Ligand SMILES: Cc1cc2nc3c(=O)[nH]c(=O)nc-3n(C[C@H](O)[C@H](O)[C@H](O)COP(=O)(O)O)c2cc1C
């Protein structure tokens with residue numbers, strides 16, 4: 001948790017003076033499970049149950065790189081995780097998806113500021129199977145299903161009206177209660193982690209940073225402690 005009593009300056013005029021003292025219990029090697037997904041499950045559960053402190057704990061920042069090596073980031077929602085990795089859904093023609101098609105390297109960052117934690121994943125992304133996409137699409141609200149069709153994600157629009165018109169046309173074609181087909185250019189990515197860092201804020205900037213790194217045989221994990 002954080003103690004903001006020390007941060008008095010007006011943040012609008014003096015962001016350099018904004019600082020929080022992180023007064024949390026630490027994270028020790030001895031308490032870590034064998035693999036990072038189990039540790040992620042523990043922290044995710046705690047972020048979810050931190051009495052509403054972490055807004056949308058499943059929101060994560062996904063960073064990709066283009067063919068020139070220029071990075072780009074955006075927020076997406078984590079929609080599943082298990083031993084295989086982390087899953088999110090998006091438009092396969094979007095900037096992020098096009099960049100992943102050219103270079104599967106990806107970074108995920110969960111910014112859980114209210115509990116002074118972050119989780120940073122480095123790995124590779126690949127598309128999930130079509131059945132997995134269809135199963136998830138069916139759980140989305142009708143309006144979100146239409147939205148997935150209406151938006152040529154990342155493309156330049158001439159106006160807001162163009163988007164609203166596209167949505168209205170689709171809503172007329174598929175009224176509430178009618179099944180919306182899954183857009184062919186929409187689906188999931190699964191991020192297979194290569195490293196997963198668990199960052200716990202501590203006093204005096206002496207944070208705990210424990211990073212799982214996949215062993216060369218790809219089967220196990222080792223943990224290393226990074227200097228804060
Ligand atoms: C809280 C939040 C959650 C979001 N979740 C998703 C998501 O799950 N999938 C998605 O494609 N875009 C999501 N977005 C929109 C993306 O941030 C982004 O604008 C969009 O995916 C286009 O990114 P791109 O042009 O870099 O590919 C979300 C945005 C926010 C702020």
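The values are calculated or read from the model by the stated rules, or taken from the named source; none is laboratory data. The structure displayed is predicted, hence computed values, not measured ones. Here the Cβ positions follow ideal geometry from the backbone for every residue, glycine too, while neighbour counts run over all protein chains shown.
Only residues that are assigned to a loop (DSSP other than H, G, I, E, B) and within 12 Å of the ligand (Cβ to nearest atom): list them for the stretch 71-92, please.
Selection gives 78, 79, 92.
Only one residue in 67, 104 is modelled with pLDDT of 95 or more, away from the ligand (no atom under 12 Å from the Cβ), in contact with a helix residue (DSSP H, G or I) (Cβ under 7 Å, 6 or more places away or on another chain) and over 28 Å from residue 31 (Cβ atoms). Which one? Walk me through how you get there before you give the answer.
Working: 104 fails: in contact with a helix residue (DSSP H, G or I) (Cβ under 7 Å, 6 or more places away or on another chain).
The unique qualifying residue is 67.
Kindly establish whether residue 97 is surrounded by fewer than 16 Cβ atoms within 10 Å (Cβ to Cβ) and either over 21 Å from residue 24 (Cβ atoms) or within 14 Å of the ligand (Cβ to nearest atom) (or both).
no
Residue by residue through the stretch 100-115, note down the ones that are surrounded by 15 or more Cβ atoms within 10 Å (Cβ to Cβ) and closer than 25 Å to residue 45 by Cβ.
Hits for the stretch 100-115 are 106, 107, 108, 109, 110, 111, 112, 114, 115.
Residues that are out of contact with any helix residue (DSSP H, G or I) (no Cβ under 8 Å at 6 or more places or on another chain), closer than 22 Å to residue 58 by Cβ, modelled with pLDDT of 95 or more and surrounded by fewer than 13 Cβ atoms within 10 Å (Cβ to Cβ): does the stretch 162-177 have at least one?
No, the stretch 162-177 contains no residue that is out of contact with any helix residue (DSSP H, G or I) (no Cβ under 8 Å at 6 or more places or on another chain), closer than 22 Å to residue 58 by Cβ, modelled with pLDDT of 95 or more and surrounded by fewer than 13 Cβ atoms within 10 Å (Cβ to Cβ).
Six or more apart or on different chains, Cβ under 7 Å: which pairs go from a residue in the stretch 93-113 that's in a helix (DSSP H, G or I) to one that's away from the ligand (no atom under 13 Å from the Cβ)? Could you list them?
From residues that are in a helix (DSSP H, G or I), the pairs are 102/67.
Can you find even one residue in the stretch 128-149 that is near the ligand (Cβ under 10 Å from one of its atoms), assigned to a loop (DSSP other than H, G, I, E, B) and without any contact (Cβ under 8 Å) to a residue 40 or more places away in the chain?
No - not one qualifying residue is present in the stretch 128-149.
Output the number of the condition that residue 125 fails; it satisfies all remaining conditions of (1) within 30 Å of residue 45 (Cα to Cα); (2) in contact with a helix residue (DSSP H, G or I) (Cβ under 6 Å, 6 or more places away or on another chain); (3) loosely packed, with under 14 Cβ neighbours inside 10 Å.
(3)
Go through 98, 84 for me and flag whichever is more than 22 Å from residue 156 (Cα to Cα) and modelled with pLDDT of 95 or more. Write out each step before concluding.
Values: 98 fails: more than 22 Å from residue 156 (Cα to Cα).
One residue alone meets the criteria, 84.
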